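Novice: Sending over a structure as structure tokens; questions will come in a sec.
The values are calculated or read from the model by the stated rules, or taken from the named source; none is laboratory data. Keep in mind it's a predicted model, so treat the numbers as computed, not measured. Neighbour counts run over all protein chains shown; Cβ positions are idealised from the backbone, glycine included. For the accessible areas, the whole protein counts, side chains as well, though only heavy atoms, and no ligand, DNA or RNA atoms are used. Shrake-Rupley method; radii C 1.70, N 1.55, O 1.52, S 1.80 Å.
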Amino acid sequence: MAVVLTALAWFLPTLGLLVSSLRPASDVFNSGWWTVFANPFDLTRWTLANYQHVLAQQGMGRAFLNSFVIALPATLLPVLVASFAAFAFAWLDFPGRQALFLTVVAFLVVPLQMTFIPVLRIYNQMGLAGSLVGIWLAHTGYGLPFAIYLMRNFFGSLPGELFESAYIDGASPLSAFFRLALPMSTPALASLGIFQFLWVWNDLLVALIYLGGGSATAPLTLKLSSLVGSYGQDWHVLTAAAFVSMMVPVVVFFALQRYFVRGILAGAVKG
């Protein structure tokens, strides 16, 4: 029963947002979203005009594509770099391995806000401020400490005899990484990819700092923030814009949720 109540508590706001985004403006202002279920088959109480207005006239379609252009490389880069680094921390012997790993883990507690001014100064000197390359590198840097920690714990839980046998048969560390470690790490890679993708997709602060307010590269979160200022009283427009911004994270999470649970349990408990 507690699980059902918790699920309803999470689901009802999303349902209210979806229903409000599909109602005419006059109905949104004059009645609650739940009143639509008194006569749900009355088509005059449903409309797609809010989505047409948001996607065609307010630039949400362009912002939607910008979010994909930002989120996909900013997800793949830290997953790739963290996988290489985590395998080295877990299975390769080199001087200062533990100290270096502890240093990486210590970066998890560094507040994000402390890095904005120095990194932005470097970006201005290098011409990366306001560019897609700059935001990709920023998200990669901010995501690496957690990504390396998660993947190192998962790689460390793999059986050592497997790698010893591979080395006896002549495999190099690179071959062991690509042919043994990566194929067995699908749950951890999927959970890390979900974490990073959701973080980048929902990010507002990092995009605002490093991309600025330009509409050419603005992701959904920046566009939605500007709509709140321009359409603060037009709830029918804002609900449609908000639902557009949350559709992709919901689809990604439910598509990969089985890997997400397995990866989190393996990476968090073992190591």
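Novice: Mind counting the residues in the range 131-186 that are under 19 Å from residue 77 (Cα atoms) and not in a helix (DSSP H, G or I)? Give the derivation first.
Specialist: Residues of the range 131-186 that are under 19 Å from residue 77 (Cα atoms), as a first pass: 131-152, 154-155, 174, 177-178, 181-183, 185-186.
Subset that is not in a helix (DSSP H, G or I): 131, 182.
Residues in the range 131-186 being under 19 Å from residue 77 (Cα atoms) and not in a helix (DSSP H, G or I): 2 in total.
Per-residue answers, yes or no, for (1) at pLDDT below 80; (2) under 20 Å from residue 146 (Cα atoms):
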| position | (1), (2) |
| --- | --- |
| 220 | no, no |
| 226 | yes, no |
| 231 | yes, no |
| 247 | no, no |
| 251 | no, no |
| 262 | yes, yes |
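Novice: A further question on this structure: Between residues in the range 193-207 that are without any contact (Cβ under 8 Å) to a residue 60 or more places away in the chain and at positive phi and residues that are surrounded by 21 or more Cβ atoms within 10 Å (Cβ to Cβ) and assigned to a loop (DSSP other than H, G, I, E, B), which pairs lie under 7 Å by C-beta distance while being six or more apart or on different chains?
Specialist: none
Novice: Continuing with the same structure: For the list (1) over 23 Å from residue 134 (Cβ atoms); (2) open to solvent by 60 Å² or more (accessible area, probe 1.4 Å); (3) under 25 Å from the mean Cα position of the chain (by Cα), I need the number of the one condition that residue 46 fails.
Specialist: Residue 46 satisfies every listed condition except (3).
Novice: Considering only residues that are among the aromatic types (Phe, Trp, Tyr) and surrounded by 19 or more Cβ atoms within 10 Å (Cβ to Cβ), look in the range 127-184 and name the one that is farthest from residue 107 (Cα to Cα). Even if it seems obvious, please write down each step before you answer.
Specialist: To start, the set of residues in the range 127-184 that are among the aromatic types (Phe, Trp, Tyr) comprises 136, 142, 146, 149, 154-155, 163, 167, 177-178.
From the residues that got through so far, the ones that are surrounded by 19 or more Cβ atoms within 10 Å (Cβ to Cβ) too are 136, 142, 146, 149, 154-155, 163, 177.
Numbers: 136: 19, 142: 9, 146: 9, 149: 11, 154: 19, 155: 20, 163: 30, 177: 25 Å.
Among them, the one singled out is 163.
Novice: Restricting the search to the range 44-60, which residues are touching a residue at least 12 places away in the same chain (Cβ under 8 Å) and under 17 Å from residue 243 (Cβ atoms)?
Specialist: The answer is 46, 47, 48, 49, 50, 51, 53, 54, 55, 58, 59, 60.
Novice: May I pose another question? Given the residues 94, 84, which is the only one that is open to solvent by 30 Å² or more (accessible area, probe 1.4 Å) and within 24 Å of the chain's Cα centre (by Cα)? Quick ask: steps written out before the conclusion?
Specialist: Details: 94 fails: within 24 Å of the chain's Cα centre (by Cα).
The unique qualifying residue is 84.
Novice: Select from the range 191-208 the residues that are in a helix (DSSP H, G or I) and either buried (at least 21 other Cβ atoms within 10 Å of the Cβ) or among the charged types (D, E, K, R) (or both) and list them in ascending order. Break it down stepwise before answering.
Specialist: As a first pass, look at the range 191-208 and keep what is in a helix (DSSP H, G or I): 191-202, 205-208.
Of everything in the range 191-208, those that are in a helix (DSSP H, G or I) and either buried (at least 21 other Cβ atoms within 10 Å of the Cβ) or among the charged types (D, E, K, R) (or both) turn out to be 191, 192, 194, 196, 197, 200, 201, 206, 207.
Novice: Let me ask another. Considering only the range 21-43, how many residues are among the hydroxyl-bearing types (Ser, Thr, Tyr), more than 15 Å from residue 245 (Cα to Cα) and surrounded by 11 or more Cβ atoms within 10 Å (Cβ to Cβ)? Write out each step before concluding.
Specialist: From the range 21-43, those among the hydroxyl-bearing types (Ser, Thr, Tyr) are 21, 26, 31, 35; that's our starting set.
So of that shortlist, the ones also more than 15 Å from residue 245 (Cα to Cα) come out as 26, 31, 35.
Retained after the next criterion (residues that are surrounded by 11 or more Cβ atoms within 10 Å (Cβ to Cβ)): 31, 35.
Within the range 21-43, residues that are among the hydroxyl-bearing types (Ser, Thr, Tyr), more than 15 Å from residue 245 (Cα to Cα) and surrounded by 11 or more Cβ atoms within 10 Å (Cβ to Cβ) number 2.
Novice: Give all pairs with beta carbons closer than 6 Å in which a residue from the range 158-171 that is at negative phi meets a residue that is surrounded by fewer than 13 Cβ atoms within 10 Å (Cβ to Cβ); count only pairs at least 6 apart in sequence or on separate chains.
Specialist: Within 6 Å, no pair qualifies.
Novice: Tell me, which helices (runs of 4 or more DSSP H) wholly within the range 1-73 include 2 or more residues that are hydrophobic (A, V, I, L, M, F, W, C)? Write out each step before concluding.
Specialist: Working: elements: 2-21, 25-30, 49-52.
Ranges flagged: 2-21, 25-30.
Novice: A follow-up question, please. From the list 65, 100, which residue is open to solvent by 50 Å² or more (accessible area, probe 1.4 Å) and more than 23 Å from the chain's Cα centre (by Cα)? Before the answer, list the steps.
Specialist: Values: 65 fails: more than 23 Å from the chain's Cα centre (by Cα).
Being open to solvent by 50 Å² or more (accessible area, probe 1.4 Å) and more than 23 Å from the chain's Cα centre (by Cα) holds for just one of 65, 100, which is 100.
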